[in-house]
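Data first, discussion second: the structure below is written as structure tokens.
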């Protein structure tokens, strides 16, 4: 893997905005989409990343099965009344899972799983469409680890839902959430699905059914809204009542994989595995990262590094400071003060492509830059 500087395309802002990347600049004025650099990989490196992604997904499925079999739900902060539904969902709805994204540390061809964004992953539009069309314009003869779009359309075709499939995002959704949902909706329509768009607060409840603004029953729903929030909402009991009569994407069992409590479970099942970092529900010896089980976008992360002068702490702000946490061995993959994280996408249970986010410090957050890649 090499990072190479390059001149951005003329009028690049308009080009990416025309494709839907309206959030191409961070709040502090830096480019979020950064095409003044790109990462270059060999085909051998990509084969290794693809193989690791597929194996990690299978390991995570085994870990979810283990959690269910051993009734370890208390480790995941899941309300007890939802446990039977999660068990049912895992048994009956594995085929309705569409996508997820592993965050991987990568340096010197060593691959380590950091976490699995298995329920509500974002950075999808830029990973799929934006960087592919950048490659086609700038490096038309090169390749890219990117079959995300084609695989999404194929997956929708396999689980084609009738009647309407509703695409839902949060009450006060940011541009990023809205455009990720819009892109997913586009891929479903390309597969022949009839779609409608709603916000979460536009969903109603009528006679034991979730309904849209016209009181039409919602039978099929894609939601970019975390399950751990939904099970704590006022409508949680309505979910228990109506869930099995609907098709939810992603299904509720995916909340096991998106919860960082899965990390110690994986380490218990696969100790010293080459793709895993040591993880525990208790602080570790040596350098480690403390991660709230349900934190998002790099919030409330604490990195503890031991030095001869004592502990060196790196901490991020957020709203999860009182949440239960897990502990994961710290691995430094920074290069020249920047930390790239590979977002390896899974569609239909198989590796489908990759996007790279890079931050100036040690913790990737929602202002970290997206940098495209090619294969040579």
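According to the square roots a ≥ b ≥ c of the eigenvalues of the Cα gyration tensor, what is the shape class of region 278-329, taking rounded for a/c under 1.5, prolate for a/b larger than b/c otherwise, and oblate for the remainder?
oblate
Give the Rg (one decimal place) followed by the Dmax (whole number) of region 1-106, computed from C-alpha coordinates and expressed in Å.
20.7, 57
Using the 10 angstrom Cβ neighbour count as an exposure proxy, how do 304, 168 rank, fewest first?
The order, fewest Cβ neighbours first, is 304, 168.
Could you tell me the relative contact order of the chain? Use alpha-carbon pairs under 8 Å, at least six residues apart, and round to a whole percent.
Once normalised by length, the contact order is 24 percent.
How big is D for region 184-276, in µm² s⁻¹ as a whole number, if Stokes-Einstein is applied with the Kirkwood radius of its Cα pairs at 25 °C and 0.890 mPa s?
Approximately 158 µm²/s, per Stokes-Einstein.
At q = 0.06, 0.08 Å⁻¹, what log₁₀ I(q)/I(0) does the chain have when each alpha carbon counts as one equal point scatterer in the Debye sum?
After summing over all Cα pairs, the log10 values are -0.22, -0.40.
Output the antiparallel fraction of DSSP beta bridges having both residues in region 216-341, as a percent to the nearest 5.
Around 85 percent antiparallel, to the nearest 5.
Rounded to the nearest 5, what % of the DSSP beta bridges within region 69-202 are antiparallel ones?
Just about 60 percent of them are antiparallel.
Could you please rank 165, 239, placing first whichever residue has the fewest other Cβ atoms within 10 Å of its Cβ? Could you put the intermediate results ahead of the total?
Values: 165 25, 239 19.
Least crowded to most crowded, the residues run 239, 165.
Taking neighbour counts of Cβ atoms within 10 Å as a proxy for exposure, in what order, fewest first, do 101, 185, 9 appear?
9, 185, 101
Any read-out appearing in this document is the output of simple, stated calculations on the displayed coordinates, not a laboratory observation. Just so it is clear, the model here is predicted, and its values are computed rather than measured. Note: ideal-geometry Cβ built from the backbone for every residue, glycine included; neighbour counts use all protein chains shown.
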